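Just so it is clear, none of the values below were taken in a lab; they were calculated from the coordinates. Nothing here was measured: the structure is a model prediction, and the numbers come from that model. Positions of Cβ are generated from backbone atoms using ideal geometry, with glycine treated the same way; all protein chains shown enter the neighbour counts.
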Amino acid sequence: MSHPLVDVVDFNIVADYTLRVVFDDDSQQVIDFRPVLYGEMFGPLRDLELFNRVRLDAETATLIWPNQADFDPWTLHEWPQVVVDMASRARSWEAVPEY
């Protein structure tokens, strides 16, 4: 599946687990990440101190956290259309057995 390329150019924290994300097409999204903070990669971000250490990675043009968690910029751009599906998948990440 292909989609147009978009870069994250700025962000700010607006509430707990919620960021205003600005894109290079001059659009922005206010994203509450709580519905997807599950699993090995995103679950640790439920720690608000860790979540708030988010930064903009210039090389990948997206948000990244200290544990290397990140989202495709297009996913962030299209958040209202993808959050329900992502949240459903995220809950299943908790159920993945460890080997």
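Under a Cβ-only charge scheme (Lys and Arg +1, Asp and Glu -1), can you give me the dipole magnitude of the range 35-99 about the Cα centre, in debye to the nearest 20? Could you put the intermediate results ahead of the total?
On the way: 5 positive and 11 negative charges, 35 e Å.
Rounded to the nearest 20 debye, it is 160 debye.
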Proxy exposure order for L45, L50, L37 (fewest C-beta within 10 Å first) is L50, L37, L45
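Within the range 8-96, report the GluC sites (Glu not before Pro) that DSSP leaves as loop and that have at most 11 other Cβ atoms within 10 Å.
Details: sites: E40, E49, E59, E78, E94; in loops: E59, E78.
Answer by residue number: E59.
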Along the three principal axes, how long is the chain when you take its alpha carbons, biggest first, rounded to the nearest angstrom?
-> 42, 33, 24
How many nm separate the modelled label positions at D7 and D25, each set 7 Å beyond the Cα in the direction of the Cβ?
-> 1.6
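Please compute the length gained on full extension between M41 and V14, using 0.36 nm multiplied by the number of residues separating them and subtracting their Cα-Cα distance. Present the calculation step by step, with values, prior to reporting the outcome.
On the way: separation 27, 0.36 × 27 = 9.72 nm, distance 2.26 nm.
My answer for the length gained is 7.5 nm.
Summing +1 for each Lys or Arg and -1 for each Asp or Glu, what net charge is found among the other residues whose Cβ lies under 13 Å from the Cβ of A15?
Numbers: positive: R20, R34; negative: D16, D32.
Charge balance in the 13 Å sphere: 0.
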For R89 and L48 in the same chain, what is the full-extension length gain: residue separation times 0.36 nm, less their Cα-Cα distance, in nm?
-> 12.6 nm
Residue-ordered couplings for the range 66-71, obtained by feeding phi - 60° into the Karplus form 6.51 cos²θ - 1.76 cosθ + 1.60 and rounding to whole Hz (Gly and Pro as x), are x, 8, 6, 5, 7, 10
Over the chain, what is the mean sequence separation of C-alpha contacts under 8 Å (at least six apart), divided by residue count, expressed as relative contact order in percent?
-> 27
